[in-house]
Every structure is written in structure tokens, then in C-alpha cells.
Amino acid sequence: MTRLLIDNPDGFRAEVRRQAVRGAPWQVLAAEMLAPVARDLGVMWEQDLCDFLAVTEAMGRLQSLLQDAIGPQVEHGVGPPGCRILLAGAPGETHTFGLCHVAGLLRDAGWTTAIAGGTGSDTLAALTAALANGWYDVLGLSVACDVHSDALRRAMPAIRRASRNPALRVVVGGALVARDGVEPEMWGADACLTDPALLPPARTAV
């Protein structure tokens, strides 16, 4: 599948859509097809089996496919009251592949899920605008590396001020949390989460 993505991206997209049409749940598609392909691309680059440009282009195609599969369905989902969640990268964070994956998992669990747009320096502006324009019960932030930790800690007061919901719960996850097991107080968040599956299904969330 990884070689198909590199050599025939349209064929790869068609195969993912075929699996989806056959009824494969998002969790299966992500765990058994998309995530392994992303890992393989990293291994191929590390082992000089594929040059950096090819890997970058393939990851861009994979990201585009994720956005096509998740974006139109996520923001129009209607979960029960108390189960609206906004996902975003930490200020300056550019790794959003995982956010799309999490969005799909949460959507399938019944959450009304949205992803704040913007990359790089635009991340914080997009995030605060989304919080100001919509009502969310939970904000999920992703941090891939500690270089963005200070920016997130400094931005947390502005993030909370921007929220229409004064009782917004902020959860931080991502590679940094999974790797280092940091505490939420580091950023002024309410909780850290290493696995989105640990969030309760929408029907039981409060």
C-alpha cells in the first residue's frame, strides 16, 4: 500500500474509498491501512529506500486523503449535548496527521468533532477564532515535540479567554505526552491523554 501511494496515488485513494464503501469502520481503516503506511514512509526515508521529496509528497497525499475522508463528515456530526470537541495543534505545531486520525475515532464514538485550521504561526489565531465562534465542551491539543511547549503554556490563558464556554475542558495529547508522560499542569491544561480511545463514548460523556 505504501508503494501504491507513492507510485499511484489515485489508485491508493480508490482503494481506501473501496474499503470505506464496503463498510470498514474508520478505526480499522486508520489502524490497518493509513497509520502503517505513514510509519512505512518514515522507515523508507530512514533507510534511504525513498528520498525526502518522495516521502514529503506521499505524506501530503495521505494528509489530503484524511482531510477528504474526515473533514466533510466530522463538523456536521451531531452528538448529544456536552459532547462537542475541538481538535487543534499547539501553537506552531505543523504535525496534523494524528489529529485527523483522532477526529475519525471520536466521530465514530458519537462526538461532534471539529478541527481548527491553520498551521505554523497561524495555529493560535485559527484556534482562538474557532473557540470564539463555536461552543465546545472539550478542546484537544496535540504537541509533537517540546519545542512547542513554552508557546502552548504562554497561549493557554488566551485560549481559555477566547472560549465561549467558560467551563471548557482542555486535554493535551500527542507524541510528547506519549513519550515523556508529562503532567497537564505543565501547560495549564485539565488532563493529558495518550490514547483517544480513553475518552468515553459520547453517549456516556458528561
What do you reckon, is A54 of a type outside the set (D, E, K, R), within 22 Å of G104 (Cα to Cα) and not assigned by TED's automatic domain parsing to the domain that holds G117? no
Which of the residues belonging to the stretch 159-193 are within 14 Å of A90 (Cα to Cα) and out of contact with any Leu (no Cβ under 8 Å at 6 or more places or on another chain)? A175, L176, P184, M186, G188, C192
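Identify all residues within the stretch 163-187 that are modelled with pLDDT under 90, in a loop (DSSP other than H, G, I, E, B) and over 18 Å from the mean Cα position of the chain (by Cα); write none if there are none.
Once the filter is applied, which keeps residues that are modelled with pLDDT under 90, in a loop (DSSP other than H, G, I, E, B) and over 18 Å from the mean Cα position of the chain (by Cα), the stretch 163-187 yields G181, V182, E183.
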Taking the residues in the stretch 34-51 that are part of a helix (DSSP H, G or I) and either crowded, with 17+ Cβ neighbours inside 10 Å or of a type in the set (S, T, Y) (or both) as candidates, determine which candidate is modelled with the lowest pLDDT. W45
Looking only at the stretch 143-162, decide whether some residue is within 11 Å of L86 (Cα to Cα) and either more than 17 Å from the chain's Cα centre (by Cα) or outside any helix (DSSP H, G or I) (or both). no
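So which residues in the stretch 65-99 are at pLDDT below 75 and in a helix (DSSP H, G or I), if there are any at all?
Listed by number, the residues that qualify are L65, L66, Q67, D68, A69, I70, G71, P72, Q73, V74, F97, G98.
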For L127, which of the numbered conditions (1) assigned to a helix (DSSP H, G or I); (2) modelled with pLDDT of 90 or more; (3) surrounded by fewer than 20 Cβ atoms within 10 Å (Cβ to Cβ) fails to hold? (3)
Determine whether G120 is buried (at least 20 other Cβ atoms within 10 Å of the Cβ), at positive phi, of a type in the set (G, A, S) and at pLDDT below 90. no
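The values are calculated or read from the model by the stated rules, or taken from the named source; none is laboratory data. Since this is a predicted model, take the numbers as computed values, not measurements. Note that we place each Cβ from the backbone using ideal geometry, even for glycine, and neighbour counts take in every protein chain shown.
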